[in-house]
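Visitor: What follows is a structure written as structure tokens; I'll ask about it next.
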Amino acid sequence: MFPTLCELIGEKIPEGVQGRSLLPVLKGEETADFGSIYVEQGVGTPYRAEDLGDRTPGVRREADGRLAVDTVNEVTQSGVRRMVRAGRWKLLAEPAHTQLFDLSTDPFELRDVADQEPGVLRNLQAELKHWETRLSAANL
């Protein structure tokens, strides 16, 4: 949404921002044929300085008491939910749980069909992994 908001207010989209403006779609100038759509959402437990010991891997305490963390470790990656939507399929992937939904028959995402659709599950997991790899490479 951020690129769309930038374009709406006439600001340049900052370098490194993921996604693209949907304003041309909203104005009817383009169609919304994006192939797959990816979402990342941090839904893990919030960590405060007092929640973590001094020996938590990848975490160090700054002189002012703030925590400084690596971008990839068990603290920063805990609870991250990622999603890919491709056509009628939606894959929700969390560290300990994965769900697959057929939105054409289950728009409210009530029935996980991962066990019934192993091929779709594998394909979407591979697509999500490819997206995550591209994100990691872009943030080096």
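The values are calculated or read from the model by the stated rules, or taken from the named source; none is laboratory data. Computed from a prediction, not measured in an experiment: that's the story for all the values here. Methodologically, a virtual Cβ is constructed for each residue, glycine included, from the backbone with ideal geometry; neighbour enumeration extends over all protein chains shown.
Visitor: Tell me which residues, restricted to the stretch 77-119, are within 19 Å of Ser36 (Cβ to Cβ) and among the β-branched types (Val, Ile, Thr).
Guide: Selection gives Val80, Val84, Thr98, Val113.
Visitor: Name the single residue, out of those in the stretch 1-44 being among the polar types (S, T, N, Q) and within 19 Å of Met83 (Cα to Cα), that is modelled with the lowest pLDDT.
Guide: The extreme case among them is Gln41.
Visitor: Could you check Thr76 against (1) over 25 Å from Gly19 (Cβ atoms); (2) at pLDDT below 60; (3) of a type in the set (Ser, Thr, Tyr) and say which number it fails?
Guide: Going through (1) over 25 Å from Gly19 (Cβ atoms); (2) at pLDDT below 60; (3) of a type in the set (Ser, Thr, Tyr) one by one, Thr76 breaks only (1).
Visitor: While we're looking at this one, here's another question. So which pairs qualify, if the first residue must be in the stretch 102-114 and outside any loop (DSSP other than H, G, I, E, B), the second must be of a type in the set (Lys, Arg) and surrounded by 11 or more Cβ atoms within 10 Å (Cβ to Cβ), the Cβ gap must be under 6 Å, and the two must be at least 6 apart or on different chains?
Guide: Close Cβ pairs (under 6 Å, with a partner that is of a type in the set (Lys, Arg) and surrounded by 11 or more Cβ atoms within 10 Å (Cβ to Cβ)) amount to Asp102/Arg88.
Visitor: Of the conditions (1) exposed (fewer than 13 other Cβ atoms within 10 Å of the Cβ); (2) closer than 16 Å to Glu40 by Cβ, Met83 satisfies every one except a single condition; which number is it?
Guide: Only one criterion in (1) exposed (fewer than 13 other Cβ atoms within 10 Å of the Cβ); (2) closer than 16 Å to Glu40 by Cβ is unmet by Met83, namely (1).
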